[in-house]
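The values are calculated or read from the model by the stated rules, or taken from the named source; none is laboratory data. The shown structure was predicted, so the numbers you read here are calculated from the model rather than taken from an experiment. Quick reminder, even Gly has a Cβ in these numbers, built from the backbone with ideal geometry, and neighbours come from all protein chains shown. Areas reflect the complete protein model, heavy atoms only, side chains present, ligands, DNA and RNA absent. Shrake-Rupley method; radii C 1.70, N 1.55, O 1.52, S 1.80 Å.
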Amino acid sequence: QVQLVESGGGLVQAGGSLRLSCAASGRTFSNYAMGWFRQAPGKEREFVASISRSGLNTYYADSVKGRFTISRDNAKNTVYLQMNSLKPEDTAVYYCAAGPFYRTSKSYQYEYWGQGTQITVSS
């Protein structure tokens, strides 16, 4: 089992920045690719970004490319999502997830999930 706990959510104005963190415990963190997903009210959960086990490879949804950066620190068992130039449409609950493959946007391919953290971007 892998336990994931997100933090860093909150309220921010459009154009602002936030950094999310996801701390992992349980099995060896570096054995898993990590991803971030989000779910807005009334919408399906959607892929945001993912990162390979080593951290050398990343994958982004087109909607966040150039604004968000995913990174990880395997020594700290933590994955991050730096979010810049935030827009009201980025408002959602953000989830981190762990799985075997990084280059996938399919939520069912991720095995473990955190509880989520709310991001609200005001216009």
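Which residue, of N84, N57, is surrounded by fewer than 18 Cβ atoms within 10 Å (Cβ to Cβ) and touching a Ser or Thr at 6+ places or on another chain (Cβ under 7 Å)? On inspection, the qualifying residue turns out to be N84. Could you list, in sequence order, the residues of segment 49-79 that are touching a residue at least 40 places away in the same chain (Cβ under 8 Å) and under 16 Å from Y112 (Cα atoms)? Result: S50, I51, S52, R53, N77, T78, V79. Of the strands (runs of 3 or more DSSP E) lying entirely inside segment 1-59, those containing at least 2 residues that are of a type in the set (G, A, S) span 18-26, 33-39, 46-51.
Give segment 80-104 a look and list any residue that's among the aromatic types (F, W, Y), assigned to a strand (DSSP E or B) and more than 9 Å from G35 (Cα to Cα), or say none. Matches in segment 80-104: Y80, Y94. Among all residues of segment 95-111, there is none that is open to solvent by less than 20 Å² (accessible area, probe 1.4 Å) and more than 14 Å from the chain's Cα centre (by Cα).
Checked against the criterion of being farther than 26 Å from Q1 by Cα, crowded, with 16+ Cβ neighbours inside 10 Å and modelled with pLDDT of 95 or more, the candidates T69, T78 yield just one match: T69.
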